[in-house]
1. If each residue of separation counts as 0.36 nm, what is the full-extension length gain between residue 219 and residue 152 once their alpha-carbon separation is subtracted?
2. Rounded, prolate or oblate for the range 17-148? Axes are the square roots of the Cα gyration tensor eigenvalues, ordered a ≥ b ≥ c, and the cut-off for rounded is a/c under 1.5.
3. With angles folded into 0 to 90 degrees, how steeply does helix 239-258 sit against the dominant principal axis of the chain? Use alpha carbons for both and round to 10.
4. Based on DSSP, what percent of beta bridges with both residues in the chain are antiparallel, to the nearest 5?
5. With angles folded into 0 to 90 degrees, how steeply does helix 56-70 sit against the dominant principal axis of the chain? Use alpha carbons for both and round to 10.
6. What share of the DSSP beta bridges in the range 1-155 is antiparallel, in percent to the nearest 5?
7. Would you please state the base-10 log of I(q)/I(0) at q = 0.11, 0.16 1/Å for the chain, with intensities from the Debye formula using one equal scatterer on every alpha carbon?
8. Relative contact order for the chain using alpha-carbon pairs under 8 Å, separation at least 6, rounded to a whole percent?
């Protein structure tokens, strides 16, 4: 019931009603109405709180990752890092009369966003997510990046937001991170050759395209979580509660990418 709530982006009451209406959902739960009824929304809420308090979402994610690793589906050696903004309600029209104190505001392009950021590290060979962290939206991507690499990584990929990561103190002083070759995309404005007036081969653009072809794998898990599972906006207050759900969602995304 909890998994279906995550996969179909339903409220506690919504998933209870959906199970009554859907034979497929009842079949998935192995629920026989002649013997038992659907657990009510209050029961699901209490169960979710147990998961959150004991960080079981993180353990579910780790279990799926380890099973993929033992099955030889994760290649190791390289990690792609990226982050996405997940919006939170900015309105103060609630019982507390205030915004979520853990969420923050940040500007992306010409638009302001209020909420949190989810940072992930994905295996460069397979695209499976192996590490997840959550912060307020105003935390820069590069600040969280050192936590997303593995001890056996030799290559790191990222967009232009991670330029200069090799110069950061936490990277230079770490024996594992300092050995990583960072292949970070340049900003488009830094590639100054104008193709209309240049007859030769643009190697800079070619190299950036090759980096992007690898880095694009990190977008697939975000697509699944935010579009297929519909979790484009937070539904709980506080980063920890939402991060617990993201661990379950990215574990599910990893399994979905196996198909």
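Laboratory data are not the source of any read-out in this text; all were calculated from the coordinates shown. Since the model is a prediction, treat every value here as computed from it, not as a measurement.
1. Computed gain between residue 219 and residue 152 is 21.9 nm.
2. The shape class here is oblate.
3. Here the helix axis deviates by roughly 80 degrees.
4. For the chain, the DSSP antiparallel bridge percentage is about 70.
5. It is inclined by approximately 60 degrees.
6. 95 percent
7. Result of the Debye calculation: -0.70, -1.27.
8. Taking the mean separation of contacting Cα pairs over the length of the chain, I get 23 percent.
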